[in-house]
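Participant: Can you read through this structure? Questions will come right after.
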Amino acid sequence: MTVTSDVRLEQGLRATMGNLVAGLNVVTTSAGGAPHGTTVSGVMSLSMNPPMVLVSLGVRSRLLARLAEGARFGINILAADQDQVALRFSGSTPDRFADVPWFEDHGAPRIVDAHGWVAADVEALVPGGDHVIVLGRVIDAVPSAGAPLSYHQRTFGTHHAF
């Protein structure tokens, strides 16, 4: 497959996709005796039978480099007041977990007070352009009350029912 660069198309797609309201998550794993994580908006439920999730990670992601088939990972669905956590895990801070309360749950770092938690095992890594789709088989899922953190047009927000 040949990939061509069309700056106008790339800019248009980026602006158009910015119109989607996305939930913000911190995807985590433990590797080499240390916690690792990154902010991700590309997360979704894939299947209920078997229970599976999908996570999209950039091919240069440091977290992706630590995942292989069978690896355990966590999805921390961020709460409305966790915008600083989203920023911390999206930057280049060397120790992203410093000053962020967390604990180990099912072998993956779980952020305290997250809006929801999913633990999964990597079932497959599927190439998708400049990203890799991580298919995970869910082993645990824990919802929480409250409002989620969302992202729209480069702005944090949350959901409010009509």
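Participant: Kindly provide the set of residues from the stretch 19-33 that are open to solvent by 60 Å² or more (accessible area, probe 1.4 Å) and modelled with pLDDT of 95 or more, ordered by number.
Facilitator: First pass over the stretch 19-33, keeping only residues open to solvent by 60 Å² or more (accessible area, probe 1.4 Å): 19-21, 32-33.
Hits for the stretch 19-33: nothing passes.
Participant: Another question, then. Please determine, by comparing only the residues of the stretch 59-78 that are open to solvent by less than 10 Å² (accessible area, probe 1.4 Å) and under 20 Å from HIS159 (Cβ atoms), which one is farthest from the chain's Cα centre (by Cα). Steps first, please.
Facilitator: Let us first name the residues in the stretch 59-78 that are open to solvent by less than 10 Å² (accessible area, probe 1.4 Å), namely 63, 73-76, 78.
Pick out the ones that are also under 20 Å from HIS159 (Cβ atoms) and you get 75-76, 78.
Details: ILE75: 6, ASN76: 7, LEU78: 10 Å.
The extreme case among them is LEU78.
Participant: Restricting to the stretch 34-53, and then to whatever is part of a strand (DSSP E or B) and open to solvent by 60 Å² or more (accessible area, probe 1.4 Å), can you tell me which residue is farthest from ALA98 (Cα to Cα)?
Facilitator: So, considering only residues that are part of a strand (DSSP E or B) and open to solvent by 60 Å² or more (accessible area, probe 1.4 Å), the one farthest from ALA98 (Cα to Cα) is MET48.
Participant: Of the numbered conditions (1) open to solvent by 90 Å² or more (accessible area, probe 1.4 Å); (2) touching a Gly at 6+ places or on another chain (Cβ under 6 Å), SER56 fails exactly one; give the number of that condition.
Facilitator: (1) is the only condition that SER56 fails.
Participant: Just to be sure, is VAL85 in contact with a strand residue (DSSP E or B) (Cβ under 7 Å, 6 or more places away or on another chain), outside any strand (DSSP E or B), open to solvent by 20 Å² or more (accessible area, probe 1.4 Å) and at pLDDT 95 or above?
Facilitator: On the way: in contact with a strand residue (DSSP E or B) (Cβ under 7 Å, 6 or more places away or on another chain): yes; outside any strand (DSSP E or B): yes; open to solvent by 20 Å² or more (accessible area, probe 1.4 Å): yes; at pLDDT 95 or above: yes.
Spelling it out, VAL85 is indeed in contact with a strand residue (DSSP E or B) (Cβ under 7 Å, 6 or more places away or on another chain), outside any strand (DSSP E or B), open to solvent by 20 Å² or more (accessible area, probe 1.4 Å) and at pLDDT 95 or above.
Participant: Please state which of the following conditions ASP113 fails to meet, knowing it meets all the rest: (1) part of a loop (DSSP other than H, G, I, E, B); (2) without any contact (Cβ under 8 Å) to a residue 12 or more places away in the chain.
Facilitator: Answer for ASP113: the failing condition is (2).
Participant: Only one of GLY70, GLY74 is outside any loop (DSSP other than H, G, I, E, B) and either in contact (Cβ under 8 Å) with a residue 60 or more places away in the chain or of a type outside the set (A, V, I, L, M) (or both). Can you tell me which?
Facilitator: Exactly one residue qualifies, and that residue is GLY74.
Participant: Inspect all residues belonging to the stretch 98-120 and state whether any of them is of a type in the set (D, E, K, R) and buried (at least 19 other Cβ atoms within 10 Å of the Cβ).
Facilitator: Applying the first criterion (of a type in the set (D, E, K, R)) to the stretch 98-120 yields 99, 104-105, 110, 113.
Still in the running and buried (at least 19 other Cβ atoms within 10 Å of the Cβ): 110.
The answer is yes; a qualifying residue exists.
The values are calculated or read from the model by the stated rules, or taken from the named source; none is laboratory data. Quick caveat, the model's predicted, so the values are computed rather than measured. With ideal geometry, Cβ positions are generated from the backbone for all residues, glycine too; neighbour counts draw on all protein chains shown. When the accessible area is computed, the model is the full protein with side chains, heavy atoms only, and any ligands, DNA or RNA have been set aside. Shrake-Rupley method; radii C 1.70, N 1.55, O 1.52, S 1.80 Å.
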